[in-house]
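Note sheet for the following structure.
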Amino acid sequence: MHPQHDKIVIRIRDFSFRLGKKQILRDVSFDVRDGEYLSIVGPNGAGKTTLLRCLDRIWTGGSGRIEICGRPLADYSQKELARLIGYVPQADGRVFPFTVEQFVLMGRYPYLSPFSAVSREDRRAVAEAMELTGTMEFAERMLDTLSGGERQKVFIAAAVAQGARILLLDEPTTFLDYRHQDEVRWLLTGLNRDSGVTVVAVTHDLSAAALESGRIVALREGSVVFCGEPSEIMQPDVLRRIYQSSFLLLDHPRAGLPVIVPCVPPESKP
């Protein structure tokens with residue numbers, strides 16, 4: 001468990017959102033505290049990615065209230081918001097024609113004016129972000145020469161270079177092999193634990209969420225159906241209510257928490 005602080009950095013109250021005629025989010029309410037690691041889980045189509053995009057104002061509108069560090073989200077300029085929040089989207093295979101260093105430097109845009117040169121402070125922030133995320137060795141390589149896990153760490157480095165104290169991550173380990181999943185997870189937990197960065201991560205991996213998070217929010221059909229600690233969600237009846245499916249749970253040998261294990265398919269009848 002990570003220490004949780006009293007300061008609220010994200011406050012969501014009765015927030016609803018539509019895309020066209022489709023209701024995606026319904027009366028969502030919860031808080032995120034400074035320095036917290038919070039995971040958002042739920043079935044496909046529950047509204048998890050939509051919620052992250054609304055928090056970063058990629059999508060605007062909706063009803064209800066969202067506050068960032070005590071101010072209404074709508075009151076921020078885009079540059080002001082980018083100094084607080086870094087958004088890392090789900091990997092979709094797209095790459096960009098830049099070197100790693102060039103891409104991470106783009107994370108400094110909240111501090112640059114259209115005609116200003118890159119400052120010594122910008123270079124320092126980029127170097128620190130790359131050292132912190134283990135991407136300095138890739139500095140001169142083109143993004144399209146990196147593996148998926150290496151690129152994901154570069155995207156996180158760009159968010160760190162923004163100076164953002166809140167990271168929103170959409171499925172940060174999707175499509176990665178086990179080694180790169182571990183590297184990204186260690187990176188995020190290290191940023192949270194050692195640098196005090198607030199992490200809000202959407203994930204389908206319930207076991208990883210239970211082991212990494214201080215709290216978990218579950219969405220179903222656009223509504224919050226659970227908000228609490230990992231030990232509270234990793235119960236068969238709670239998971240069945242969220243996912244409408246049964247789960248097999250076993251205690252993790254080190255963490256002392258239940259984790260999900262694959263069910264063995266029933267034997268076929270002769």
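Bear in mind these aren't lab numbers, they're just calculated from the coordinates by the rules spelled out. Treat the numbers as computed from the prediction; the structure is a model and nothing was measured. Glycine gets a Cβ as well: all are built from the backbone with ideal geometry, and neighbour counts include every protein chain shown.
Which one is surrounded by the fewest Cβ atoms within 10 Å (Cβ to Cβ) among residues in the range 36-81 that are of a type in the set (D, E, K, R) and in contact (Cβ under 8 Å) with a residue 60 or more places away in the chain?
Across the range 36-81, the extreme among qualifying residues is Asp56.
The conditions are (1) loosely packed, with under 15 Cβ neighbours inside 10 Å; (2) more than 25 Å from Ser195 (Cβ to Cβ); (3) under 20 Å from the mean Cα position of the chain (by Cα), and Asp27 fails exactly one of them. Which is it?
(3)
In the set Thr203, Thr189, Thr173, which member is surrounded by fewer than 19 Cβ atoms within 10 Å (Cβ to Cβ), more than 16 Å from Arg33 (Cβ to Cβ), in contact with a helix residue (DSSP H, G or I) (Cβ under 9 Å, 6 or more places away or on another chain) and among the hydroxyl-bearing types (Ser, Thr, Tyr)?
Values: Thr203 fails: surrounded by fewer than 19 Cβ atoms within 10 Å (Cβ to Cβ); Thr173 fails: surrounded by fewer than 19 Cβ atoms within 10 Å (Cβ to Cβ).
On inspection, the qualifying residue turns out to be Thr189.
Select, from Arg241, Arg220, Arg193, the only residue that is within 20 Å of Gly47 (Cα to Cα), of a type in the set (D, E, K, R) and in contact (Cβ under 8 Å) with a residue 60 or more places away in the chain.
Every option except Arg220 fails the conditions.
Just to verify a result, which residue in the range 68-92, among those that are part of a strand (DSSP E or B) and among the hydrophobic types (A, V, I, L, M, F, W, C), is farthest from the chain's Cα centre (by Cα)? Break it down stepwise before answering.
Initially, the range 68-92 is screened for residues part of a strand (DSSP E or B), giving 68, 71-72, 85-88.
Next, from what is left, pick out any that are among the hydrophobic types (A, V, I, L, M, F, W, C): 68, 85, 88.
Values: Ile68: 16, Ile85: 11, Val88: 7 Å.
In this case the residue turns out to be Ile68.
Kindly provide the set of residues from the range 124-159 that are free of Cβ contacts under 8 Å to residues at least 40 places away in the same chain, exposed (fewer than 15 other Cβ atoms within 10 Å of the Cβ) and either small (Gly, Ala, Ser) or not in a helix (DSSP H, G or I) (or both), ordered by number.
Result: Ser147, single match.
Among the residues of the range 38-67, which ones are part of a strand (DSSP E or B) and either of a type in the set (Phe, Trp, Tyr) or over 15 Å from the mean Cα position of the chain (by Cα) (or both)? Show your work before the answer.
Just the residues of the range 38-67 that are part of a strand (DSSP E or B), to begin with: 38-41, 63-67.
Those that are part of a strand (DSSP E or B) and either of a type in the set (Phe, Trp, Tyr) or over 15 Å from the mean Cα position of the chain (by Cα) (or both): Ser63, Gly64, Arg65, Ile66, Glu67.
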